[in-house]
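**Q** My questions all concern the structure below.
The values are calculated or read from the model by the stated rules, or taken from the named source; none is laboratory data. Just so it is clear, the structure is predicted and the values come from calculations on it, not from any experiment. A quick note on method: Cβ atoms are made from the backbone with ideal geometry, for glycine too, and the neighbour counts reach across all protein chains shown.
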Amino acid sequence: MRTLGFLCMTALAVPMPSGAAAQVSVIDEGSFTIMRNGARSGRETFTIRRTGLGAVDAYVANGSTDLDGRRLVPALQADADFSPIKYQLEVRKGDDVLERLKGIAGRDRFSTQVRTTKGESTREFIAADNAVLLDDDVFHQYYFVAQRAQKLGAAGGAIPIIIPQRAEQQMLHAKWDADETITIAGRPVTARHLVLTEPAGASQNVWVDAAGHVLKVSIDSRGLVIQRDQLPH
């Protein structure tokens, strides 16, 4: 992972580079409907961009998730291998800010600084060089997990996952199952089926298109189904 010190960031957004050297392209953009136990429970909107930072490519992902009366607004910058560089998250309930989190990767560690109504705390934990970030209740970030799983190939393998809100790293085992036909916005589409198995044995199922865009996520242990509202453009 890249080594960076904590930055003073006043706005909840990962800044985009400026100037002629910065080539920015949107690689995915859309929204998900979140269902819990068959009933509509929330919605997420997101944009994932790829940007050239001189000779280095990076990914910038921004979103907004409304779920269980809370709004989560994450901003992630990841490197060309999909590993996190820095991360911000704001959690709101109505007009109240419940939590502001800043995270940064470096020297095989991931450090977080969290501010809540109760005060401020910092934590640091071990993070593998090849880890990807997947925070709780932020579903477009499965894109980065799927991209890493595609690099592993058909045999699959272990993917270290950084979960900033828990301040921990978890190891998921990724395995590609048979392709399936799913329905998005009334249209059938062939999707690759990725099965992610947690250390305790529970599974998360992710369906993506050929480019790795997330179409659907199922988290049976929580009764959640997250489905894309429209096919990727």
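**Q** If Ala210 meets every condition in (1) among the hydrophobic types (A, V, I, L, M, F, W, C); (2) closer than 20 Å to Ser31 by Cα; (3) surrounded by 16 or more Cβ atoms within 10 Å (Cβ to Cβ) apart from one, which number is that one?
**A** (3)
**Q** Now a separate question. Given the criteria touching a Pro at 6+ places or on another chain (Cβ under 8 Å), surrounded by fewer than 22 Cβ atoms within 10 Å (Cβ to Cβ) and closer than 20 Å to Gly212 by Cα, does Thr51 qualify? Lay out the reasoning, then the answer.
**A** On the way: touching a Pro at 6+ places or on another chain (Cβ under 8 Å): yes; surrounded by fewer than 22 Cβ atoms within 10 Å (Cβ to Cβ): yes; closer than 20 Å to Gly212 by Cα: yes.
Against the criterion (touching a Pro at 6+ places or on another chain (Cβ under 8 Å), surrounded by fewer than 22 Cβ atoms within 10 Å (Cβ to Cβ) and closer than 20 Å to Gly212 by Cα), Thr51 qualifies.
**Q** If the Cβ limit is 6 Å and pairs must be 6+ apart or interchain, which residue in region 95-111 that is under 13 Å from Arg70 (Cβ atoms) pairs with which residue that is crowded, with 18+ Cβ neighbours inside 10 Å and not aromatic (Phe, Trp, Tyr)?
**A** Sorted first by the residue in region 95-111, then by its partner, the pairs are Leu98/Val91; Glu99/Val91.
**Q** Is it the case that Pro199 is in contact (Cβ under 8 Å) with a residue 12 or more places away in the chain and either surrounded by fewer than 15 Cβ atoms within 10 Å (Cβ to Cβ) or closer than 30 Å to Gln113 by Cα (or both)?
**A** yes
**Q** So, one more: Tell me, please, whether a residue that is at pLDDT 95 or above and under 15 Å from the mean Cα position of the chain (by Cα) can be found in region 112-132.
**A** yes
**Q** Considering each of Glu198, Glu180, Glu168 in turn, give the residue that is farther than 24 Å from Ala58 by Cβ, in contact with a helix residue (DSSP H, G or I) (Cβ under 9 Å, 6 or more places away or on another chain) and acidic (Asp, Glu).
**A** Within the list Glu198, Glu180, Glu168, the selection yields Glu198.
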